[in-house]
1. Looking at VAL183, is it farther than 18 Å from SER103 by Cα and β-branched (Val, Ile, Thr)?
2. So how many residues does the stretch 169-191 have that are in contact (Cβ under 8 Å) with a residue 24 or more places away in the chain and open to solvent by less than 50 Å² (accessible area, probe 1.4 Å)?
3. Would you point out which residue out of VAL201, VAL196 is in contact with a strand residue (DSSP E or B) (Cβ under 8 Å, 6 or more places away or on another chain), under 29 Å from PRO59 (Cα atoms), in contact (Cβ under 8 Å) with a residue 60 or more places away in the chain and surrounded by 17 or more Cβ atoms within 10 Å (Cβ to Cβ)?
4. Got a sec? Which of ARG150, ARG167 is at pLDDT 95 or above, in contact with a helix residue (DSSP H, G or I) (Cβ under 7 Å, 6 or more places away or on another chain) and within 15 Å of PRO39 (Cβ to Cβ)?
5. Give the residue that is farthest from VAL259 (Cα to Cα), with candidates limited to residues of the stretch 232-248 that are touching a Gly at 6+ places or on another chain (Cβ under 9 Å) and surrounded by fewer than 24 Cβ atoms within 10 Å (Cβ to Cβ).
6. I need the full set of residues from the stretch 132-161 which are open to solvent by 20 Å² or more (accessible area, probe 1.4 Å) and either touching a strand residue (DSSP E or B) at 6+ places or on another chain (Cβ under 9 Å) or touching a residue at least 24 places away in the same chain (Cβ under 8 Å) (or both), in order please.
7. Give the number of residues within the stretch 268-296 that are open to solvent by 30 Å² or more (accessible area, probe 1.4 Å), modelled with pLDDT under 95 and over 21 Å from ALA157 (Cβ atoms).
8. Failed condition for ASN85, given (1) within 30 Å of ASN252 (Cα to Cα); (2) touching a Phe, Trp or Tyr at 6+ places or on another chain (Cβ under 7 Å), with all others met?
Amino acid sequence: ALVALDPFTGQVLVMLGSPDYFDESIDGNLNAAYALRQPGSTLKPFTYAAAFDPAQPQPWTAATMLLDVETPFVTRKLESYTPANFALVEHGPVLIREALASSFNIPAVTALEHVGLPTLVQLLSDAGVETLARNTQIDLAVTLGGGEVRLADLTQAYASFANGGYRVEPSLLLNVTDHDGRVLYEWSPPPLTQRVMDERVAWLITDILSDNHARIPSFGPNSALNIGRPAAAKTGTTTDYRDNWVVGYTPNLVAGVWVGNADNRPMVDVTGVSGAAPIWNAFMREALLGQPELTFAQPPG
């Protein structure tokens, strides 16, 4: 499934819910863009955005150091929870820039424990991912994908990073006319008025997610997250390979890709960077072909 939209107007430019609606062998008549699936690590940017919030008593920065070492946490149910990194490798002291860009798990849980689960859920709800607020079972593992979201909502939420911190409302209709051609409805871009995060926080997250050097430890220097122009992207992979994702954006286009089986069968060793990323890469390159190469504008402060 793939969803792409304009991060400033919310206009949905592409929605692909299934590779073949008429293929019953893959349950093709399912719109996976609106299916509830586990998001893997794609929620980590919002966890760190909450920690960067200047309204926090002591906001963290991209240069805050966290320990990527085996750490037991206590959940809301007062149970012990010890997350592990995807490759079961620990990296010791790391800066948040590298921890987020390379998608280390343990620092992300540390960050969520720091800001608190309600803060993350509220930020995601404000940005467009409202399903987690209705899930009373989520806990610290939610930042690693321990909840369910919809691709359309997640792509909407990532638009907030691209547009400087505002919520956008996805629009699928441009106009409605009757059989005589009279226009009954005409869409016009709504103004961006609902701020969900500080514009400096949005830019910092973007700067990290577009930092190819910082993601080398996990993805190498030449991954499918590089599209030949400035772009920010985040992968997501569930531990059993049932879902993998990439959501990424340039200053004028945000796109999310989900890869998996409609009947929820696990895939075999297919991760976000090997499954969803090549699709996202090919789409972004084709969609932006011939357009000027835009850079992310750093806000003052």
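The values are calculated or read from the model by the stated rules, or taken from the named source; none is laboratory data. Not measured: the values here are computed from a predicted model. Cβ coordinates were reconstructed from backbone atoms using ideal geometry, including for glycine residues, and neighbour counts include every protein chain displayed. Areas reflect the complete protein model, heavy atoms only, side chains present, ligands, DNA and RNA absent. Shrake-Rupley method; radii C 1.70, N 1.55, O 1.52, S 1.80 Å.
1. Values: farther than 18 Å from SER103 by Cα: yes; β-branched (Val, Ile, Thr): yes.
Considered against the rule, which asks whether it is farther than 18 Å from SER103 by Cα and β-branched (Val, Ile, Thr), VAL183 comes out as yes.
2. Number satisfying all stated conditions: 2.
3. Working: VAL201 fails: in contact with a strand residue (DSSP E or B) (Cβ under 8 Å, 6 or more places away or on another chain).
After ruling out the rest, the residue left standing is VAL196.
4. Working: ARG167 fails: within 15 Å of PRO39 (Cβ to Cβ).
Answer to the selection: ARG150.
5. Of everything passing the filter in the stretch 232-248, THR239 is farthest from VAL259 (Cα to Cα).
6. At the first step, the residues of the stretch 132-161 found to be open to solvent by 20 Å² or more (accessible area, probe 1.4 Å) are 133-137, 139, 141, 144, 146, 148, 150.
Selection gives ASP139, ALA141, LEU144, GLY146, GLU148, ARG150.
7. Initially, the stretch 268-296 is screened for residues open to solvent by 30 Å² or more (accessible area, probe 1.4 Å), giving 268-270, 273-274, 278-279, 282-283, 285-287, 289-296.
Okay, now just the ones that are also modelled with pLDDT under 95, so 268-270, 273-274.
With over 21 Å from ALA157 (Cβ atoms) added as a condition, the list becomes 268-270, 274.
So the answer is 4.
8. (1)
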